[in-house]
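*Asks:* The structure's right below; bear with me while I get my questions together.
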Amino acid sequence: MRRTIDWVDGSIVIIDQCALPGAYQTLRLDTVDELIDAIRRLAVRGAPALGAAGALGVALAARSHDIGSVRAEAARVANARPTAVNLSWGVERALAKLPDGPDAVLAEALGVLDEDERTNREASARAAEVVLDNCPRRPLRLLTHCNAGRLATVAWGTALGVVWHLQAGGHVESVLVDETRPLLQGARLTAWELAEAGVPYRVLPDNAAAAAMSRGMVDCVLVGADRIAANGDVANKIGTYGLAIAAWHHSIPFVAVAPMSTVDLSMPDGTSIVIEERAPQEVTHVAGVRVTPEDANAFNPAFDVTPASLITAVVTEDGIFKP
């Protein structure tokens, strides 16, 4: 299946990201409850993919519920994860067509999917030019955090989409992939995508990134975003803020890439962004086995906010913004 998330014969079909890299398998979601469960356990994740999930969730509800019930189901989907603005954006896109009937809702949701690859290709192409303009050395050593490839979108990718453009131009030496604790989206998903594409890469512990920068192993840091405030503050996977501080200290360009649907102009800065906190078990256990004392609790925020002052450029399909 080319798309990470799609509509097939009346159901939502996703690549099960919880199964990767051990197995490539798809899940068929026939109810809103199944979709919400897939969102919460990260079987489908990534801001643009969540926008598609939100829109398709409304289309799913519209096929079997009255208007009042559809709105209630849509609210449940929108609240499944609080930080990524794309989820509620996708829900609202589809809900706007509800008075026109289920077919109109589905057509709008499919439009969200069709737009995703185009906007991400445009944004990542712009970002590739930013990288080339700011990095004097060729070929490039890039560093990524979390997963911002096709698995985080409907297709193509955002920050990892930049790598695809640069690789096609012969500009990539290798990619350093932050493992992205505690759920290892970098080690499991980004590494899988790079291997699939034939791009040289190495996985490194999150806390080794600053050391790699100090040794001259990084020319540019590329990240995605889950919500971007009006002033350019960026909410992204936990650990992004620390990367930005290290990149700033070493005068390394730090570029965030996302579709305009990730920009939330209702928030003047990042202090208003709600940060999702996930279960302590994601930290206290590894592969289901406890690795901490029995009474240990955990601080487990899923995201952090990188101040605009640390960001070289925020790039969307609409342009390049330098905070």
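*Asks:* Take every DSSP beta bridge with both residues inside the chain and express the antiparallel ones as a percent of the total, to the nearest 5.
*Replies:* Of all bridge pairs located within the chain, approximately 50 percent are antiparallel.
*Asks:* Ranked by Cβ crowding within 10 angstrom, fewest neighbours first, how are 322, 97, 237 ordered?
*Replies:* Ranking 322, 97, 237 by Cβ neighbours within 10 Å, fewest first, gives 322, 97, 237.
*Asks:* Here is a follow-up. Can you list residues from other chains, or at least 5 along the same chain, whose modelled amide H is less than 5 Å from the amide H of residue 236?
*Replies:* Those qualifying (amide H under 5 Å, at least 5 residues apart or on another chain) are 226, 304, 306.
*Asks:* Kindly list the residues of the range 161-196 that lie in the label zone of residue 41, defined by a backbone N under 17 Å from the point 7 Å along the Cα-to-C-beta vector.
*Replies:* Residues 183-184 fall inside that zone.
*Asks:* When the distances between all Cα atoms of the chain are binned every 20 Å from zero, what whole-number percent does each bin get?
*Replies:* Per 20 Å bin, starting at zero, the Cα-Cα P(r) for the chain comes out as 34, 58, 8, 0 percent.
*Asks:* Whats the longest run of the chain with zero chymotrypsin sites (Phe, Trp or Tyr not before Pro) that are DSSP loop and have at most 13 other Cβ atoms within 10 Å?
*Replies:* 25-298
*Asks:* Find how many whole Å separate the alpha carbon centroid of the range 237-290 from the alpha carbon centroid of the range 102-133.
*Replies:* For the range 102-133 versus the range 237-290, the Cα centre distance is 22 Å.
*Asks:* Next question. Hey, quick one: spin label on residue 96, modelled 7 Å out along Cα-Cβ, who in the range 62-89 has an amide N within reach, i.e. under 14 Å?
*Replies:* 88-89
*Asks:* Okay, moving on. Could you bin all the Cα-Cα distances of the range 5-116 into 5 Å bins starting at 0 and give me the percent of pairs in each, rounded to whole numbers?
*Replies:* For the range 5-116, the binned pair fractions read 2, 14, 27, 26, 19, 8, 2, 1, 0 percent.
*Asks:* Got a sec? How would 66, 133 order by Cβ neighbour count within 10 Å, fewest to most?
*Replies:* Taking fewest neighbouring Cβ atoms as first place, the list is 66, 133.
*Asks:* Using the Karplus curve 6.51 cos²θ - 1.76 cosθ + 1.60 with θ = phi - 60°, what ³J(HN,Hα) values do you get for each residue of the range 76-85, in whole Hz, with x for Gly and Pro?
*Replies:* Computed from phi, the couplings for the range 76-85 are 4, 5, 4, 8, 5, 9, x, 7, 6, 5 Hz.
*Asks:* Measure nothing but the geometry: give the 0 to 90° angle between the long axis through the Cα atoms of 102-134 and the longest principal axis through the Cα atoms of the chain, rounded to 10°.
*Replies:* Orientation of helix 102-134: about 10 degrees from the principal axis.
*Asks:* Sequence-distant or interchain residues sharing an amide H contact under 5 Å with residue 317, placed H: which?
*Replies:* Correct list: 123, 260.
*Asks:* A further question follows. List the residues, sorted by chain then number, that are 5 or more residues from residue 26 or on another chain and whose placed amide H is less than 5 Å from its amide H.
*Replies:* Residues meeting the amide H criterion: 16.
*Asks:* Taking other Cβ within 10 Å of each residue's Cβ, how do 274, 58 sort, fewest first?
*Replies:* 274, 58
Since every read-out is calculated from the coordinates, none of them should be taken as a lab result. Quantities reported herein were computed from a predicted structural model and do not represent experimental measurements. Virtual Cβ from ideal backbone geometry, glycine too; neighbours counted across all protein chains shown.
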